[in-house]
Amino acid sequence: MVAGVLIGFALTTFAYRHRLIRVPGPHGFIQHLDQELNLSPDQLHQIETLVRDTHVKMEKLHEDFDHQHQQLIFQTHDQIRALLTPEQQQKFDREFTPPSGPGHDHDYEHRDHGN
């Protein structure tokens, strides 16, 4: 059993080293950098901080994009609605409510349509 584990470990290490398989995720990336470049503890800490900060910035970009995307949908929906007669608006409101859900700033059903 121990021999099997050691052989598996050796084969996995060989595969990572020769890029036959990739190290998953940002932690895998950092481990791979450390393995290949023999980073100092200070370099490793600085790289971990940089990767973590970049991840936070990318999450913020994603949130900003989601917000802008949702705003554009609501804006277009309101522009279409403004072109309709009051009777069409009532049916439009029932049949064509824009999507809302987690991460969206507001629920369309609670918006004032000026009625």
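Values for this structure:
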item	result
Cβ-derived FRET efficiency at R0 30 Å, Gln31 paired with Met58, nearest 0.05	0.90
Additional length obtainable on full extension of the chain from Ile73 to Leu39, 0.36 nm per residue less Cα span	7.5 nm
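Values quoted throughout were computed directly from the atomic coordinates according to the rules given, and no laboratory measurement underlies them. This one's a predicted model, so the numbers in the text were calculated from it and none came from an experiment. Glycine gets a Cβ as well: all are built from the backbone with ideal geometry, and neighbour counts include every protein chain shown.
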